[in-house]
Each structure stands twice: as structure tokens, then as C-alpha cells.
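A short reminder: the numbers here are calculations on the coordinates, not readings from a lab. Please read all numbers here as calculations on a predicted model, not as lab measurements. All Cβ positions, glycine included, derive from the backbone under ideal geometry; neighbour counts span all protein chains shown.
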């Protein structure tokens, strides 16, 4: 019998290839005869396409040219609603919208070709912001430019506000954020002899691409094959956009009769692909004298961009998390996703929750100040405890770890002592700042502050989403007696190859090294759903654990029933050593044929969800977290440093602490970037800073000291008690850092990112406190 | 077209390329060494870092002509067969690689810093690695890995 591997910090199974440069990403593949493809995009945010003009003096030999007229099936990127075309056909709705495609063997010729195409358009008025979209400055979607409206109601809000000690109001904003995977989007389409189109590339969801290509090409399941190549980061940015890129490659490849590759350069990737939705969240909260949340009235607006894509789902998660992990019996949440003439916004780690959690946490701090209650004490009084119900009425069981993470973080971070040492001082005066002494904290140039955020994040698809997904996963036993995992779940750096092998290995009593993983190829593996929503380990991992239990039982039974006792067989279930298992399993397959054990998602018993009323059990499980951030603000330049962040996360059983810490630290640093430096500047609907020179993500020099604590409150329906954790870490840093800056300077922070310019503005606008 | 002679990982290459072709493309296309990655094409992300005569450079900013006659080390040249270099082994065991796309450049930058260490002076890893972007790890495991070496 082999010792369990779940809980061990095993190095990742794909690590050797990654540290030696052997891992092959899409741009590393050599496909003979492959053409280079490129996209010609609109440059105006709204208008009518009159004509695509190709310079008649240019030598077009060797070029493949594709427009919407070349699409054999439907001109649509199939996802939720069929509103987004693969190529413009008539109306242009955003400035980066693909209009036509070019391919050529030679990259330099291709670039020359791009310059020889001009688009003739009649511009229309454009709605570039949420406000302009709501005001219907342009007609983009439906009658009112609202992609989706969600209302969540609980109790009697009006009555609650009548009986309030205080009513506190606040409006909070967040900007666009780019996923900034270091490998840009890339894809290769290969037309096969039998008529099948194979597409290989950097992506999170093979079956999303598969579905989109079938509709675009007008063909059946087996005429499209999608294969994931080693993927250099995703973070949601490779959830839906790869369908667009795959569509373009496939259209070019089909027309050329040759393989076509498109790998975006950074500029195009930044300018054209999806980003985190900008938001405006307005809070009105009725509170008692003791700081109990009597009533919450929350209005959420998100900018969806020009097409619906995933906006309704992002909005849904944002709305459900909008009241934070707090008890409130009377609330009304109204959330709307608005259409604008900007590139569609999409999935990004956190998926709507970081926006609304920033708002509710800043509102909690505002309430704490209004009532002169310590922010930790205010949270203690309101945090959801076992038996309480969430905004959607989901009653929490012993898995409600809010109090646990809060107390653990307060203790580990030394909150009380440190916070007291950074007590509020006079805000800096920009006019006099340069005269202030450089050292010292009371009135000196460097101001320090401490801030805290408390957050939770639902794992898996919302409500009955997992039932609709109907994910399948299989285990196959090979002739040599090893076990092979068949799922469409993708390794995007999070470590799923390793955690799956640990889960399956432990269920079978085998070392993870005996568990292999079949390629993420839609012609080989079942649809285990998209690699999104913190669902891979918790949901797909559990399906695999169930399949492994089936495999183990069947093998034990066969060995017991088998007239000729297989060598090394043990009569009882389980304990075999790896050699015994290998011999036994190999004999099993050789004598009785191939063995594949397929399981599908089983909904945990008792879970109920009403999609119409937005009531019930929104998620199978929540991860819980607290961030305590320390900041140093230069009162003269408004430069902000974050020397330390204490990160406490409760994520159920930790399958692999090394990988889980990596998720915690990486997600938290993305949140630090979201809080401080990552800003997309748009001019006339186009990104003006589409370069790494001026879209600034954190470097080693900016990285805080992370003190990470992972706590485990096992989830009954997760594999070995595991919950999802991929997105959770990103929810915390924005509000914790903003709170620390409020503490350091005595200003009110209402918008992310907190750039020096914005901070200067906030200081000029004081006193916003009290 | 110019004839360029370079020694990559101890192996000699003679290629005919436009003189301004980026060293990154020469390595990937003409030498068949795809370990160096393009992350931004403007010297900001460090994914294309290689050693040019022992010094770390962004190979997306180096024209082929400038590499002529010089020695280059890429990620493919760090391990000896299956035997990883100390830094590679440390990256693997510390969990310093996730999606892996920044790893070749990060390792070569770390290698250059480690080789350039003079006397008993400590290396300022945070400053030294600040030109190599990673979006997965939050750098903490990377800093742990390099400090082991």
C-alpha cells in the first residue's frame, strides 16, 4: 500500500519540460507549408462598412483573402447569444472588430498586404462608456443596450431603511484589467485530407472552440478537432477569445487549403482581446447603532462592450457576491450589463466578483468610520456564520469559514498593534509636502497604513450551471496496466495535471506517477466542461475520483471472480502495491478487453436553485479569505508601495500545498496590479496604451512579502474535501490596499486602480472622511 | 542577406539572414531552438532573455549582425541531458514555474546574475529579476528558488 499523495507539495509533473525549454507552445510548433495569417480590423468604434478595397496596383499573388462572404456556415461566434460575428458583415460595433483576413507564406509580404487594404466606412455616433450606453447614444443591443438585468431580493428593504440608525452611501468604480498571460493568443488551423478541420492552440476550453467552429463551418461533431497546446497562462483571457481566433484561422485554412497560423503580437492582443468589465457600484446601507447591516440597496453596472459574449454570467457572479460575506436580511440588488462600442469584455479570474467585492468592502469601511467602530469589529458583527443565509438565501453549513479566516488573519498579521501604530494622521498637503522631513511617519513624507478585506468566492458554475454543463470525465486502463485520465480540462499553469494525478492515484492506492493524462484533444477526450470558475479541481476532480472508485471496485471484483487468480491479487479492495496493480490491471485488459470508466457530474443532494428569482444555493461551496495589506505612500509623489500582505485563505482540503500557494501568491499579485497600476487608457474606443511599456503589471521589485496561510475546512462533495480556489485570491487585494491607503492618508478611496494621479485627486477632494 | 556565424550552446551555426533579423527569430527559426519566447517584442517582459557572451540580453532587441561571431546560451543549453542545472532543479522543486512561458527567460536572467556574482556580495534578486515578467507565480516561489542556489 502506498502513502497518500493528497496534501503533499509534489513538484508539478510538467515542470521538467518547462524548466528545460522542451514544452511546446503553439508558436513553437513547426507545421510544414504553414501560412501566416493576419486580421484587418475596423478602426472606428461604430459605423457602416461600405467597401473593402484592395489596392489594384499591389501584387496579390500568393495571398489568401477572406471576408464574411467566405463563411460556409453561420457568421457567428457561438457562445451564449448569437450576436457576435466572426467577421463584420455590414455594421461595425467596436474599433477592433475583425473585418477581413489575409494569409501568405511570407511574413514580410503579409505585412505589405495588410497595408494595401483599406476599409471604406460611414461612421455612426458611438457610445463609449456605461453612461453613454445607458443613454442610448448608439443603438448596440436590443432596445435599451442592456445585455442582462438581474435582481436579487430578500426581506423588506424599505422597512429596514425606515428603522435605521444611519444610512451610509457610496459609489465605487473599477476599470478595465488585462489578463496579461505572457503567451499571447495563438492558433493553427490544419485542413485535413478527409475534410476535417484540426485546430491547435493556446486555449482554456477545447469544447467551446469546437462548438463555435461547428456553427461557423456548418459541419458535424467529427469534422472539427480541437487540440490544446501547452498554454502560457489564461486567467480567463483564453476562455472565449480563442473561438474567435480559431474561427479566423479555420476560415483562412479552408480557403487556402493549407495550414494557417495566427499568433498575435502583444499590441494586437492587448488592443483586441477581452478584459475585465469596468464597473460602477452604488451602495446604500441601513445600519443599526451597533453597526448591524439592517438593509442593503445595491446597484451594479458593468460595461459589457459591443457583444454579449459572457457578460450575463460575469454580471451574475458579480451580483451574487455584491453583498459580500455578510449577514443582511433585507436587501435589493439590481445589476445590469450595458452595451458600449468597445471591444467585448469577458472572463478574467474572479469573473465579476472582484468589482463588487471592492465596492462592498469599501462601503463596510465607510460604515465603520461613520459609526467609529474598528473595521475588524464591524466585520465580526456581520460576517456570515453557520446557519446564516447569503444574499440569494443560501443557508450556510459548517463550511462558513468567515469567522475562522478573520480571526486567523487578525492574529497572524498582528492587526491591532500594527494598525494602532499607523493611526490616522493629518492628510498630506500637496503644497507643503516637499518641506516635510523625509523620515518619520507622523507628518513625514512616507505615510504608512494597514488595511483589511474579507471576502468569499463561490466555486463552480452558478446555480444549476453545472447540471447544464453535464460534464463527463473518464479513466482508461491501458494494456500495460497504467491508468489514463481523459478530460478536456486544460493545464494553464494552475497545476491540474498534477492535482488530477494525485486525486486519481490516491483513490486507487497508486503513486501519481502511474496516472497519465491523455492529450486535451476533442477527438479523444470527453467534454469535462471549461477550465474556468474555480471548478477544475473541485468539480472535475470529484468526477474523476468517482470514476476511480468505480475502476477500483470493478478490478477488485474481477480479480475476486476470476477463476484464475491473477498474480499478486489481493481479495480485499484497495491495497495493492504498484507492481501488483500493474500486473493485475494489464491482465484484466488483455483478457476482457479495453476498460474505460466514465462518470458525469453528480449534483450534491439538496442543492436547489431558482434561476428566475435568483434564489437558492448559488454554489456548492465557497472559498473564504482575508487580506491584510500594509502600504507606504510617498506624500510628495504619491507613489505607493506594498511591503507586506498577509493572505489567509480557506480552500477545503489542500490537494497540493506547493501549487495552492502558487495560486494564492499569483492571484494576490494580480490583485495588487488591479489595485495600483493596471490601467487601460482608451481614446475613441481604442486602447491607447497597448504596450507593456505603459500597461504596467507588477515585477519582482513591486512584489510584497506574502505571508500566506492556507486553512482547510473540508467540503464533503469535493475530492478528498477540496474546494475551488483559483479565483478567490484576486478578490482581496483591491479593497485591502485601498483601505490601507485610507488608513495612511485619511482620504476616501472610491476607484481602482489607485494611480498617483487619482490619489492626488482624492487628496484634493478631501475631507471625504467623516 | 548576410552570413552570420554564431555558437549556440556550444554548437556552431552558419545562417544566411537579413542583417537586422532579430536574434530571437534567428534562434527560433534558423537554429530550431524555440526555448526563447516572445512575450512583448519590445524588451519589456524578458521572456526572450538569452546569454550573449555570458551577458543577459533581450534577444528581441538584438539584430543578428550584432550576435555575429559570439557565443549564445539558451534554455536548451542549461541542462546536461536529463541532469538539470542547479537553478533549473531549484525552480522545479520550489514551484517557481507554473504556465512556464516566462521560465526560460527567467532562468537565464538568474543564471547571468548568479555567474556575475563577485566575491561574497549578495545578489539583489528583486532588482535583478525585475525585467522578467511572470503573471502566474507572484514571484515568491521564484525568489525562493534563486535564493537556494
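What the table shows:
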{"read-out": "Over region A:3-99: Kirkwood hydrodynamic radius from C-alpha pairwise inverse distances, Å", "value": "18.2"}
{"read-out": "All-pairs alpha carbon distance profile, the protein assembly as shown, 20 Å steps from 0, percent", "value": "14, 46, 34, 6, 0"}
{"read-out": "Calculated FRET efficiency for the pair residue A:602/residue A:714, C-beta based, R₀ 30 Å, to 0.05", "value": "0.95"}
{"read-out": "Overall dimensions of region A:622-770 by Cα: Rg and Dmax, Å", "value": "17.3, 53"}
{"read-out": "Percent of C-alpha pairs per 10 Å bin, region A:57-211, short to long", "value": "7, 21, 30, 22, 11, 6, 4, 1"}
{"read-out": "Largest-first ellipsoid semi-axes for region A:293-422, taking √(5λ) over the Cα gyration tensor eigenvalues, angstrom", "value": "30, 17, 15"}
{"read-out": "Computed helical MRE - 222 nm, chain B, DSSP H runs ≥ 4 contributing -39500 (n - 2.57), nearest 500", "value": "-7000 deg cm²/dmol"}
{"read-out": "Rounded to 5, percent antiparallel among DSSP beta bridges of region A:584-739", "value": "65"}
{"read-out": "Inter-label distance, nm, simple model (7 Å from Cα along the C-beta direction), residue A:57/residue B:121", "value": "5.8"}
{"read-out": "Net length gained if the chain between residue A:166 and residue A:108 were fully extended (0.36 nm per residue, minus Cα distance)", "value": "14.2 nm"}
{"read-out": "Kirkwood-based Rg to Rh ratio, region A:73-117, C-alpha trace", "value": "1.08"}
{"read-out": "Kirkwood hydrodynamic radius over Cα pairs of chain B, then Stokes diffusion coefficient at 25 °C and 0.890 mPa s, in µm²/s", "value": "158"}
{"read-out": "Kirkwood-Stokes translational diffusion coefficient of region B:53-104, alpha-carbon pairs, 37 °C, 0.692 mPa s, µm²/s", "value": "253"}
{"read-out": "Residue-span extension gain [residue A:591 to residue A:761] - 0.36 nm each, minus C-alpha spacing", "value": "53.6 nm"}
{"read-out": "Alpha-carbon gyration tensor eigenvalues x 5, square-rooted, for region A:38-147, Å", "value": "30, 16, 11"}
{"read-out": "Kirkwood-type radius of region A:532-681, with distances r between different C-alpha atoms, in Å", "value": "20.7"}
{"read-out": "All-pairs alpha carbon distance profile, region B:2-77, 5 Å steps from 0, percent", "value": "4, 19, 32, 29, 13, 3"}
{"read-out": "Two-decimal Rg/Rh across region A:648-716, once Rg and the Kirkwood Rh are taken from alpha-carbon atoms", "value": "1.15"}
{"read-out": "FRET efficiency, 1/(1 + (r/R0)^6) with R0 22 Å, evaluated for residue A:395 and residue A:290 via beta carbons", "value": "0.40"}
{"read-out": "Region B:86-148 - convex hull of alpha carbons, volume per residue in Å³", "value": "75"}
{"read-out": "Normalised contact order of chain A, rounded percent, pairs of Cα under 8 Å and 6 or more residues apart", "value": "16"}
{"read-out": "Inter-site label distance for residue A:74 and residue A:31 at 7 Å from Cα along Cβ, in nm", "value": "2.6"}
{"read-out": "Ordering of A:144-157, A:106-119, B:73-86 by burial proxy (mean other Cβ atoms within 10 Å per residue, highest first)", "value": "A:144-157, B:73-86, A:106-119"}
{"read-out": "Relative frequency of Cα-Cα separations exceeding 18 Å in region A:232-323, percent", "value": "62"}
{"read-out": "Likely footprinting exposure, B:106, A:607, A:687, fewest C-beta neighbours within 10 Å first", "value": "A:607, A:687, B:106"}
{"read-out": "Calculated [θ] (222 nm, deg cm²/dmol) that DSSP helices of n ≥ 4 give over chain A, each run adding -39,500 (n - 2.57)", "value": "-8500 deg cm²/dmol"}
{"read-out": "Peptides ranked, highest mean first, by Cβ atoms within 10 Å: ranges A:509-515, A:277-283, B:1-7", "value": "A:277-283, A:509-515, B:1-7"}
{"read-out": "Burial ranking of peptide ranges B:35-46, B:120-131, A:398-409, A:192-203 (average Cβ count within 10 Å, highest at the top)", "value": "B:35-46, A:398-409, A:192-203, B:120-131"}
{"read-out": "Considering only chain A, percent of DSSP beta bridges that pair antiparallel, nearest 5", "value": "75"}
{"read-out": "Residues A:665, A:132 arranged by fewest to most Cβ contacts within 10 Å", "value": "A:132, A:665"}
